[in-house]
Amino acid sequence: MNQISRRSRRDFLNWGVNGLGATALAAMLQADGQAGDSALPKLAAKAKRAIHICLIGGMSHVDSFDYKPELTKMHGKSLQTDEKPDIFFGKVGQLRKEDFEFKARGESGLMISDMFPHIARHADDLTILRSMESQSANHTPGLFVANSGFEFNGYPSMGSWLSYGLGAETESLPAYVVLNDERGAPNTGASTWSSAFLPSDNQGVVLKGGDQPVRDLFPALKLDGAADAATRQFVNAINQQHMQRTGEDAILAGRIKSYELAAKMQMSIPVVADISGETQAVQESYGINQQQTADMGRRCLLGRRLLERGVRFVQLFSGGPIAGSPRASWDAHENVKDNHTLEAGRIDQPVAALLQDLKQRGMLKDTLVLFTTEFGRTPFAQSDADQVGPGRDHNRYGFSCWMAGAGLKPGFAVGETDEIGWKAVERPIPWHDFHATVLHLFGIDHEKLTFYHNGIQRRLTNVHGDVVSEILA
Amino acid sequence: MIDCRIQLLHDVAQAARLSAQTSRLCYAVAMLLCVHTMVPAQEVDFDKAVAPIFISHCLECHGAGELKGGLNLSQVESAMKGGENGQVFVPGDAEGSLIWQRVMANEMPPKHPLKDKHKAVLKQWLAGGAKWGTSPIDPFSTTTDTRAGRDWWALQPLREVLLPKVHSDPPGNEIDAFLLRNQLNARLVPSAPASPRAQIRRLYFDLTGLPPTPEQAAAFVADPSDVAYRKVVEELLASDHYGERWARHWLDVVRYGESDGFERNAPRRNAWPYRDWVIHAFNNDMPYDEFVRMQLFGDQLKGGPDGAAATGFWVAGVHNTVVGGSDRMKKLARQDEIEEVLATVGQTFLGLTVNCARCHDHKFDPITQREFYQMASTISGLGYGERVEQSPGDQAILTSMTTALKQLNERLSTINQQAREAIIAARKTGDAEVPEPPAAFARWEFNDDLKDSVGELHGKAVGNAKLENGALMVDGNSFVETSALTKNVTEKTLEAWVQLENLDQRGGGAITIETKNGVVFDSIVFGEREPGRWMAGSNGFARTESFNAEAETHAAERPVHVAQVYQADGTIIGYRDGVAYGQSIRKADLQPYKAGETEFIFGLRHKPLGGGRTLTARIHRAAFYDRALTPAEVAASSGDSANYVPEKQIVEWLPQEQKSERNRLVAEIAEKSTARDAQAAKANQTIYTLTAGQGATTNVLLRGDPDNVGDVVTPGAVASVSGVQADFALPADAPEPDRRRKLMEWITHSDNPLFSRVMANRIWHYHFGTGIVDSPNDFGFNGGRPSHPELLEWLAGMFQADGYRIKDLHRLIVTSRTYRQAGYLPVDWEKSSSENDPREVDAGNRLLWRMTPRRLEAEAIRDAMLSVAGKLNSEMGGPAFEDVSIVSNNGTTYYEPIDVDGPQFFRRTVYRLNPRGQRSALLDTFDCPDPASAAPRRNVTTTPLQALSLLNNSFVLRMATYFAERVEREAGADVSAQVVRAWQLALCRDPSTDELRLSTELVQQHGLAALCRGLFNSSEFVVVE
């Protein structure tokens, strides 16, 4: 019987205060003394918040962050292998050298190509992961696994796990905010930032422009302001009276509190969404004044403002729907040079400005910047076997992502792909390791942050995951 | 009658031999204690004490699958031989044994060292001579502290249990007896009965998902007797709303969604027959075993629309329609699909997480990896798709309706024909006017070039397309394409004059409007689905249906004029030689085309050029109109304008008597053809359902990797479930229906103890908010332990003995004293000296000392608002209403919530289109689950976004306005009367003096709608005691 009541007390607290900034952490700490098995360990947290720049469609690593001189030499030769590469369209053309020139950057001498001239200036702040691997060379499963550790619909994303694990630092903003590309949401839509089986307050909240930046933040139909205020006072009054009659039940107390927090959100979201108070210089540094960079620039600046005010996880997408012509993502099947010039041109300056801004404000030391892609692109062209076409297919065997900021070795690269950049050969980093590392930087043991769902204590890292300790400062 | 039955079961139970005090849980605990206390004994029993340690802590790396360091501890010979580092056991010498050294140093097992008590057992065993027991170790033999064995409580046969002997006043039913015993043991007393108002509101929401009307509530408050209560229970169980409410629960469990998920996420507009079938099954109290048999095997058991609808179960989940080009991707996607469906089958019906055994034996429950693939073999014919199901009875009615309609049409045609002939004769003498042909947006004469003679949509030949004798010649390997359309097009008309090379050809297009890649298109096609007939071709037959017209007979000898008019509402009307071609069709919404992304092609159904899509013909002329032409315009354009007589002209021509008859006929035809169309849909129902293929010979896939193929397996299931035969005695290549039948029989077998336990627990879960097992989809080691093991046994046994009648379970539960008790302790409550404070000893209310107040589910909140506002549209069944905009962008479908208003949107939420991924603002924040995965237990959160939704969502605001209008209608102009009525409607009670004062102020200053919005936001509205 004791067992039942102990379990229940924890559930009760969790249930009653969910969404009030109370979190897994609170619930688990509560449980700690009783069950004797603390769920969240006492790792030192280096990161307090993160901003995730999530590239849709697959960025070519051999043209950006993974310099392969051997590939240059082998341009026009055939890929020497007996295996059939697991790629999307199945056309294996000849090897193709990089389309962008690589240079050693900064004091670290990290090799970064001219695809990202602005980001390259921050080479000494970056931690490049050159041996990423994915389970899937298909967009949607690839995007799902990069975000949630599973290739399917229905699993919580990294931002949701962090929200669940740590909550927000503020009560007046959501813990997890999503900023979509102006060209549209990624194909998977809200599934990409879903809280899935985690409590719904951990899902990503989409922040848009306009006078309704978050859906239903203000009355969706015309309503008199004084009537609105009076109604809310009335609601509060009758809810208080109801609770006095029935006793302090957690769910009733929770509801009353939720209306107070809703009012705070109504105050703070428009303030954070309004960038007009930022100086002209700052706005220009983000590229808001130029057409090509205006969208990402605005979102990067918004991202910084959200982080500053206590949002835990901000997610920015670079790229919209995957299919269609012309491409609105990094999916350069037809022509890497053209496509990546365009896509990188949209985000290079804004992302560099974000790094600069965070650093200047002293935030980079406890903010994690994540720059990811679904997968890389093949070192061989996507063309007939005797040709070097201008496009590249999906490559799940090896690609590059980078992180920057809190708790990381700056100006550092980990892992290697083979000499042509096809497969990760040294310290391969599957997504589970990437996620384990992110959680670690937040002071969370990835094996301990779990949520029971249909038969298993689910985690972001499924049943895998090793922290990439090589990159920890 | 019910009471008699329960009495009977009671007697049986009293005769049972098992002690009432022993529960499986206690048993499991006792076993563990047993292990512990055996340590000091002289000889350690290997099987009971040591093997469990090996199983839990060693064999994952040193057993079956993997042999790290070359060490295999799963059997005596290999264990004694040791690994790469030599021998690990020195019998009789613990200190000298390598295993002990590594364990003592906490090096093994890595990360999670053994607990001291286990170390002690190991040492004792080594010292005592390391005598091995069963070899190889049977990892499933017994339950340990880290996993379940075959002796796991849930896998055992149903036990008959004695009803507890407890005295209570007033007496309760059997359920109360079980609960009271545990309450007394914890020194708790159940709460007093809830107020009649709370009871009636609870009962209505629980059984129907809707609130009672003020009158219904008042009637019960006036007479809250048991008799009256039972009468209400019976009324609610007989209500159609009951099925709508409880089907919604079931749909959560089977993750029923109405789009594919993954990249494309296409809508499934024909999935709803499954939803309706579930609703009807609940309403008809279909016995649960039949309910399950139909879902698993209804296509074979019953067939027809019912069978197809029921087996929609198999395809209720996500389906990846973009699996990539490589073989590996395809195989992996298929395995993922099989795992996802097996997970649903195992968890839904049996609470078994079989899916966890795809890559290795289940880590927590006695399910082997081989058994996973044996089950996979039983469902290897799984296929997703649509089937058209004909219902013989409905077909017969359809035929007679069609005949009747034909006769009416003939009569009308005779009248028309006579008038037409007379009018044409009169035209020749100049006594009747001839209509003008309409102006086209683009027109290709094909006389001297491929140019558009009106605009800029000039053509370009591809392949051998050439001009000859004033016509475009297409030869089956050529076509003409135009430049891009410069404006957005919604409604439209396509038109062509075509002479076919022969009438046997199939599938070519005369004129096509398409997106540049040919993915989306509309086309005048010949002989595509129906030989010898013109059709409106479209991508994936999205808008294509038979015109039910006569076969073409002339087009090989002379050019015929064909036109297709695409109207704004999606209706497509075909014409041949200026007159209607069969019946108009409407299968889907109108497909819009975008400027810059659209082109026309001639001679090809859609790009790319390929077999089965080309036409062999002379196209004399073609035209495109950016609007829907009228019949008169088509006729005029057909070049037969002299012989075309518009309807208006006919009517005017007729003498009065014939005119009246004609009017009667037209009205009758319109009415009967609507009825006929409805009947046609009923007689030929398109259903998204299981499209079973052949079963595949199935292998174990090592580590779940499709490239790592192991042994072939035969169809079967999980052997550790007691009472049922897990080997299906079928060959590996058995026909698909045989496999699925065996699976169905195994699941629904009356000796399968999980079958009734899991469902009885599910029903309990929905009534009380928490199951006796709090993980309704998981009765395994990772799931919850039953809070009342004997009650669960008793309920499951009762359920089975009663013929799996779900409504009887409801009756039993909702009439219990436990169910009817209060939700809140009185504010002045004080415990007596002999009892505990329940808030301290059982805050989670597992012992049900009160009825936990519950926030309504998202659907119930929406439905309750509709009901209170007086706007609920009770129409049942049929296609879903769509309160999202559905936009297709390059193959991917996006769903955006939109603000809608009107009765078709005021149906119950269970009828709302339920796509995956993109959702409704209101439902979402109130924890309505995304049907991407099973939701056997919904989260219940309280969040600021929820408050914002309930305050500001357009639906809530609209309902507040309607609610205010209703109050005004019912209460008149007096503000006090309005306030009282509003409170009654929303909360089934009158306001207190203070509430009346606050409400009146609000209404006086800001109007009635403000009060109505406020009441929707009250805790009392959304939290039911």
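Which residues among the range A:217-231 fall inside the zone where the amide N is under 15 Å from a point 7 Å beyond the Cα of A:Gln240, along Cα→Cβ?
In the range A:217-231, the label zone of A:Gln240 (backbone N under 15 Å from the point 7 Å along Cα→Cβ) covers A:230-231.
Nearest 10 degrees, 0 to 90: what angle lies between the long axis of helix B:858-868 and the longest principal axis of chain B (Cα atoms)?
On a 0 to 90 degree scale, this one is about 60.
Could you tell me how many cubic angstrom of Cα convex hull volume the range B:727-875 has per residue?
That works out to 206 Å³ per residue.
222 nm [θ] for the protein assembly as shown, helices only, -39500 (n - 2.57) per DSSP H run of 4+, per residue, to 500? Can you show the working numbers first?
On the way: 47 runs with 573 residues, N = 1498.
My calculation for the protein assembly as shown gives -12000 deg cm²/dmol from helical runs alone.
Suppose we keep just the alpha-carbon trace of the range A:98-144; what are its Rg and Dmax in angstrom?
13.8, 38
Quick one: grab Rg to one decimal and Dmax as a whole number for the protein assembly as shown, Cα atoms only, in Å.
For the protein assembly as shown, the Cα radius of gyration and maximum Cα-Cα distance read 35.4, 126 Å.
Using amide H atoms built 1.01 Å from N in the peptide plane, name the residues 5+ places from B:Cys359, or on other chains, whose amide H lies under 5 Å from its own.
none
Just to be sure I understand the model, the point goes 7 Å from the Cα along the line to the Cβ. What's the resulting A:Phe89 to A:Glu101 distance in nm?
Here the modelled spin labels are 2.9 nm apart.
Taking the Cα centre of each part, how many Å lie between the range B:977-1025 and the range B:381-449?
With the range B:977-1025 and the range B:381-449 each reduced to a Cα centre, they are spaced 58 Å.
According to the Cα gyration tensor, what semi-axes, each the square root of 5 times an eigenvalue, does the equivalent ellipsoid of the range A:218-274 have, listed from largest to smallest in whole Å? Numbers along the way, then the final one.
Values: eigenvalues 129, 46, 10 Å².
Computed over the range A:218-274, the values are 25, 15, 7 Å.
Would you tally the net charge around A:His242, using a Cβ to Cβ cut-off of less than 12 Å, leaving A:His242 out, and scoring K and R as +1, D and E as -1? Present the calculation step by step, with values, prior to reporting the outcome.
Numbers: positive: A:Arg245, A:Arg255, B:Arg989; negative: A:Glu248, A:Asp249, B:Asp994, B:Glu995, B:Glu1020, B:Glu1025.
In short, -3.
Using the Karplus curve 6.51 cos²θ - 1.76 cosθ + 1.60 with θ = phi - 60°, work out ³J(HN,Hα) for each residue of the range B:528-545 in order, rounded to whole Hz, and write x for Gly and Pro.
Result, rounded to whole Hz: 6, 8, 10, x, x, 10, 7, 9, 8, x, 7, 4, x, 6, 4, 10, 8, 8.
Would any residue of the range A:261-300 have its amide N under 20 Å from a label point 7 Å out along Cα→Cβ of A:Ala229? List them or say none.
A:261-271
Give me the percent relative contact order of the range B:954-1024, please, defined on Cα pairs under 8 angstrom at least 6 residues apart. Each step should come with its number before you reach the end.
Numbers: 60 pairs, mean separation 24.8, N = 71.
Rounded, it is 35 percent for the range B:954-1024.
If you line up the long axis of helix B:174-185 against the longest principal axis of chain B, both from Cα atoms, how many degrees apart are they, to the nearest 10?
Around 40 degrees separate the two axes.
For B:Asp707 and A:Val388, what is the calculated FRET efficiency with R₀ set at 35 Å and r taken between the beta-carbons, to the nearest 0.05?
Working: r = 30 Å, r/R0 = 0.85.
My answer for the efficiency is 0.70.
Starting from the Kirkwood Rh over alpha-carbon pairs, what translational D in µm² s⁻¹ does the range B:574-688 have by Stokes-Einstein at 25 °C and 0.890 mPa s?
Numbers: Rh = 18.5 Å.
Taking Rh from Cα pairs, D becomes 133 µm²/s.
Between B:Thr689 and residues 5 or more places away or on another chain, which pairs have amide H atoms under 5 Å apart, with H built 1.01 Å from N, and which residues are they?
Amide H neighbours of B:Thr689: B:Gly385, B:Glu386, B:Arg387.
Starting from the range B:534-570, pick out the GluC sites (Glu not before Pro) whose DSSP state is loop and whose Cβ has at most 12 other Cβ atoms within 10 Å. Write out the running numbers ahead of the final one.
Details: sites: B:Glu545, B:Glu550, B:Glu552, B:Glu557; in loops: B:Glu545, B:Glu550, B:Glu552, B:Glu557.
Qualifying residues, ordered by number: B:Glu550, B:Glu557.
Could you tell me which trypsin sites (Lys or Arg not before Pro) in the range B:59-132 are loop residues by DSSP with no more than 14 other beta carbons within 10 angstrom of their beta carbon?
On the way: sites: B:Lys68, B:Lys81, B:Arg102, B:Lys111, B:Lys115, B:Lys117, B:Lys119, B:Lys123, B:Lys131; in loops: B:Lys111, B:Lys115, B:Lys131.
Passing both the DSSP loop test and the Cβ count: B:Lys111, B:Lys115, B:Lys131.
Run the numbers for B:Lys81 and B:Ile397: contour at 0.36 nm per residue of separation, minus the present Cα-Cα distance, in nm.
Values: separation 316, 0.36 × 316 = 113.76 nm, distance 7.91 nm.
Roughly 105.8 nm would be gained on extension.
How high is the relative contact order of chain B, in percent, with contacts defined as C-alpha pairs under 8 Å that are six or more residues apart? Provide the component values of the computation, followed by the final result.
Numbers: 1917 pairs, mean separation 155.1, N = 1025.
Contact order relative to length: 15 percent.
Dipole size in debye (nearest 20) for the range B:954-1024 around its Cα centre, Lys and Arg Cβ +1, Asp and Glu Cβ -1?
Details: 7 positive and 9 negative charges, 47 e Å.
In total the dipole reaches around 220 debye.
Once phi is turned into θ = phi - 60°, what whole-Hz ³J(HN,Hα) does the Karplus curve with 6.51, -1.76 and 1.60 give for every residue of the range B:277-291, x standing for Gly and Pro?
4, 5, 4, 5, 4, 5, 4, 7, 6, 4, x, 4, 5, 5, 3
In nm, give the distance between the simple-model label positions of B:Asn517 and B:Thr486, each being 7 Å from the Cα along the Cα-to-Cβ direction.
2.7
Charges only on Cβ, +1 for Lys and Arg, -1 for Asp and Glu: so what's the dipole of the range B:442-634 about the Cα centre, in debye to the nearest 20? Can you show the working numbers first?
Working: 22 positive and 27 negative charges, 68 e Å.
Its charge dipole is roughly 320 debye.
Dividing the alpha-carbon radius of gyration of chain B by 2.2 N^0.38 Å (N being the number of residues), what value is obtained?
Details: Rg = 35.9 Å, N = 1025, 2.2 N^0.38 = 30.7 Å.
Against the empirical 2.2 N^0.38 Å value, I get 1.17 for chain B.
List every residue whose amide H lies under 5 Å from the amide H of A:Ala50, counting only residues 5 or more places away in sequence or on a different chain, with H placed 1.01 Å from N in the peptide plane.
Under 5 Å from the amide H of A:Ala50: A:Phe313, A:Val314, A:Leu368.
Taking chain B as the reference, fit the longest principal axis to its C-alpha atoms, fit the long axis of helix B:993-1006 to the helix C-alpha atoms, and give the angle between the two in degrees, 0 to 90, nearest 10.
Between helix and principal axis, roughly 30 degrees.
Could you work out how far apart the two model spin labels at B:Asp901 and B:Ala801 are, taking each label as a point 7 Å from the Cα in the direction of the beta carbon, and quote it in nm?
Rounded to a tenth, the inter-label distance reads 5.8 nm.
Using square roots of five times the C-alpha gyration tensor eigenvalues, list the equivalent-ellipsoid semi-axes of the range B:442-634 in whole Å, biggest first. Can you show the working numbers first?
Numbers: eigenvalues 87, 78, 50 Å².
Three semi-axes, in Å: 21, 20, 16.
Of all the C-alpha pairs in the range B:551-622, what % are more than 20 Å from each other?
48
Taking 25 Å as R0, compute the FRET efficiency from the Cβ-Cβ separation of B:Glu652 and B:Ala580 and round it to 0.05.
Details: r = 21 Å, r/R0 = 0.83.
Using R0 = 25 Å, I get an efficiency of 0.75.
Mind checking the dipole of chain B: about its Cα centre, +1 per Lys or Arg Cβ, -1 per Asp or Glu Cβ, Debye to the nearest 20? Mind dumping the intermediate values first?
On the way: 110 positive and 132 negative charges, 218 e Å.
Here the size comes out at about 1040 debye.
Taking the Cα centre of each part, how many Å lie between the range B:278-328 and the range B:143-196?
Comparing the Cα centres of the range B:278-328 and the range B:143-196, I get a distance of 35 Å.
Please list 3J(HN,Hα) in residue order for the range B:482-489, calculated via the Karplus relation 6.51 cos²θ - 1.76 cosθ + 1.60 where θ = phi - 60°; whole Hz, with x for glycine and proline.
10, 6, 6, 5, 9, 9, 6, 10
Given a Förster distance of 22 angstrom, what is the FRET efficiency for B:Asn185 paired with B:Asp828, based on the Cβ-Cβ distance and rounded to 0.05? Let's see the in-between values first.
Numbers: r = 27 Å, r/R0 = 1.22.
So, using R0 = 22 Å, E works out to roughly 0.25.
Rounded, prolate or oblate: pick one for chain A, where a ≥ b ≥ c are the square roots of the eigenvalues of its C-alpha gyration tensor, a/c under 1.5 means rounded, and failing that, prolate if a/b is larger than b/c, else oblate. Walk me through the numbers before you get to the answer.
Numbers: a/c = 2.10, a/b = 1.61, b/c = 1.31.
It is prolate, given that a/c is not under 1.5 and a/b is the larger ratio.
Once you have a ≥ b ≥ c as the square roots of the Cα gyration tensor eigenvalues for the range B:954-1024, tell me rounded if a/c is under 1.5, and otherwise prolate or oblate according to whether a/b is larger than b/c.
Numbers: a/c = 1.41, a/b = 1.07, b/c = 1.32.
Judged from the Cα gyration tensor, the range B:954-1024 comes out rounded (a/c under 1.5).
Which residue, chosen from B:Thr942, B:Ser833, B:Ser954, occupies the Cα position most advanced towards the positive end of the dipole of the range B:815-962, where the dipole is computed from +1 (Lys, Arg) and -1 (Asp, Glu) charges on Cβ about the Cα centre?
Toward the positive end, the furthest listed residue is B:Ser833.
For the range B:897-1025, count all C-alpha to C-alpha pairs, find those more than 24 Å apart, and express that count as a whole percent of the total. Present the calculation step by step, with values, prior to reporting the outcome.
Details: 3081 of 8256 pairs.
When every Cα pair of the range B:897-1025 is considered, 37 percent fall beyond 24 Å.
With no solvent and one point on each alpha carbon, what is the Debye value of log10 I(q)/I(0) for the range B:854-924 at q = 0.15, 0.20, 0.24 Å⁻¹?
With one equal scatterer per Cα and no solvent, log10 I(q)/I(0) is -0.52, -0.87, -1.17.
Which whole-number percent gives the relative contact order of the range B:442-634, counting Cα pairs below 8 Å spaced six or more residues apart? Show your work: numbers first, answer last.
Details: 567 pairs, mean separation 62.1, N = 193.
Contact order relative to length: 32 percent.
Just so you know, all these numbers are worked out from the coordinates, no wet-lab data involved. If you're wondering where the values come from, they're calculated on a predicted model, not measured in any experiment. Cβ coordinates were reconstructed from backbone atoms using ideal geometry, including for glycine residues, and neighbour counts include every protein chain displayed.
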